[in-house]
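Undergrad: I have a structure here, written as structure tokens, and I will follow up with some questions on it.
The values are calculated or read from the model by the stated rules, or taken from the named source; none is laboratory data. Since the model is a prediction, treat every value here as computed from it, not as a measurement. Heads up, the Cβs are rebuilt from the backbone with ideal geometry, glycines too, and the neighbour counts pull from every protein chain shown. In case anyone asks, the SASA skips ligands and DNA or RNA and just uses the protein heavy atoms, side chains included. Shrake-Rupley method; radii C 1.70, N 1.55, O 1.52, S 1.80 Å.
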Amino acid sequence: MRMLSPEPGEVDLAERYAYPLDRVWMRANMVASLDGAAQRDARSGGLGGPADRRLFLLLRGLADVVVVGAGTVRAEGYGPIKPSDGWGGVREGRSSVPPLAVVSRTLDLDFDAPLFTEARARTIVLTTATADPARLEAARERADVIVAGKDSLDFAAAVRELEARGHRRLLCEGGPGVLAQVVAAGLLDELCLTLSPLLLAGRPARILDGRPFAVPAELSLAHVLQDEDFLFLRYTRSR
């Protein structure tokens, strides 16, 4: 057996997690327990620790846009993204914060919530052509709306529209259903997975929640970092 992580010592996380600049890049950031649970008490936040939180904020700062499902917005109590002290100069030349892009087929969202009314970067909504017209009109009053797909979201088309708006460094924060769709569409370039030192049992969701893939997506290990009993795994798409 051999060590998989770099030599012991402090690492520059902004450098370690820098995006490639020559293409659109979809990164996902998830957390799981040792037995594969993606949630504790119905929230992913119950699995993390201080180092996981710091990385969560840094990955947001590095991104051009943060993609998240409406279910996760409701379950985790999402508010507008705010600048973080740990960002340093990572957003130089860009807006002070990245916008949130909320995936919602039904548009069952509170458009009077701070997520929309207090966002420093106007929130984006990713939805479908069959969305209720009245809800669609309400969404357009509070957010930039991208319609991609008829009955279900066409993630490839949505990513193209995000790129057309200048968003090339994409961060997906789930939840498991959204991430499964991103992977199924062949769009995931990188998975950042925090391994939490907990055993939960029960039947919680895994980090992907969807139909089995006929051909499993294969990733390559890029690095392993450690903070106390947490492991921070980074995998990239196998070429």
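Undergrad: Residue by residue through segment 91-101, what is 3J(HN,Hα) from phi via Karplus (6.51 cos²θ - 1.76 cosθ + 1.60, θ = phi - 60°)? Round to whole Hz and write x for glycine and proline.
TA: So the J values, rounded to whole Hz, are 9, 4, x, 10, 4, 5, 9, x, x, 8, 10.
Undergrad: To continue, here is another question. For an R0 of 22 angstrom, estimate the FRET efficiency from the Cβ-Cβ distance between Q226 and D35 and round to the nearest 0.05. Before the final figure, lay out the partial values.
TA: Details: r = 19 Å, r/R0 = 0.88.
So, using R0 = 22 Å, E works out to roughly 0.70.
Undergrad: Ok, one more. Leaving ligands and nucleic acids out of the surface, order H167, H223 by accessible area at 1.4 Å, largest first. Can you show the working numbers first?
TA: Values: H167 30, H223 5 Å².
If we order H167, H223 from most to least accessible, we get H167, H223.
Undergrad: What percent does the relative contact order of the chain come to when contacts are Cα pairs within less than 8 Å and at least six residues apart?
TA: Relative contact order, the chain: 28 percent.
Undergrad: Using a Gaussian network for the chain with springs between C-alpha atoms less than 10 Å apart, which of these wobbles most: V224, V65, V125?
TA: Its mean-square fluctuation being the largest, the pick is V224.
Undergrad: Taking amide H positions as placed 1.01 Å from N in the peptide plane, with prolines and chain starts having none, which residues 5 or more places from V31, or on another chain, fall under 5 Å of its amide H?
TA: Under 5 Å from the amide H of V31 lie the amide H atoms of T194, each far enough along the sequence or on another chain.
Undergrad: When the accessible area of the chain is computed with all protein chains present and a 1.4 Å probe, what percentage of it is carbon and sulfur?
TA: 48
Undergrad: Let me ask something additional. Quick check for you: with a 1.4 Å probe and neighbouring chains kept, what is the accessible area per residue of the chain, in Å²? If you can, show how the numbers build up before the last one.
TA: Details: 12800 Å² over 239 residues.
Per residue, the chain has 54 Å² of solvent-accessible surface.
Undergrad: Classify segment 125-202 as rounded, prolate or oblate from the Cα gyration tensor: take a ≥ b ≥ c as the square roots of its eigenvalues, call it rounded if a/c is under 1.5, otherwise prolate when a/b beats b/c and oblate if not. Walk me through the intermediate numbers first.
TA: On the way: a/c = 2.19, a/b = 1.68, b/c = 1.31.
Verdict is prolate for segment 125-202.
Undergrad: If I stretch the segment between V11 and D110 completely, what's the gain in nm (0.36 nm per residue apart, minus their alpha carbon distance), one decimal?
TA: Using 0.36 nm per residue and subtracting the Cα-Cα distance, I get 31.6 nm.
Undergrad: From the backbone phi of segment 41-46, what are the Karplus-calculated ³J(HN,Hα) couplings (6.51 cos²θ - 1.76 cosθ + 1.60, θ = phi - 60°) in whole Hz, Gly and Pro given as x?
TA: 6, 6, 9, 5, x, x
Undergrad: Working out 0.36 nm times the residue gap between K150 and A75, then minus their Cα-Cα distance, what length gain in nm do you get to one decimal?
TA: Between K150 and A75, full extension yields 24.4 nm more.
Undergrad: Between V68, Q226, A156, whose Cα lies farthest towards the positive end of the dipole of the chain when Lys and Arg beta carbons carry +1 and Asp and Glu beta carbons carry -1, centred on the Cα centre?
TA: A156
Undergrad: Using only alpha carbon pairs under 8 Å that are at least six residues apart, calculate the relative contact order of segment 49-186 and give it in whole percent.
TA: Working: 218 pairs, mean separation 38.7, N = 138.
Result for segment 49-186 is 28 percent.
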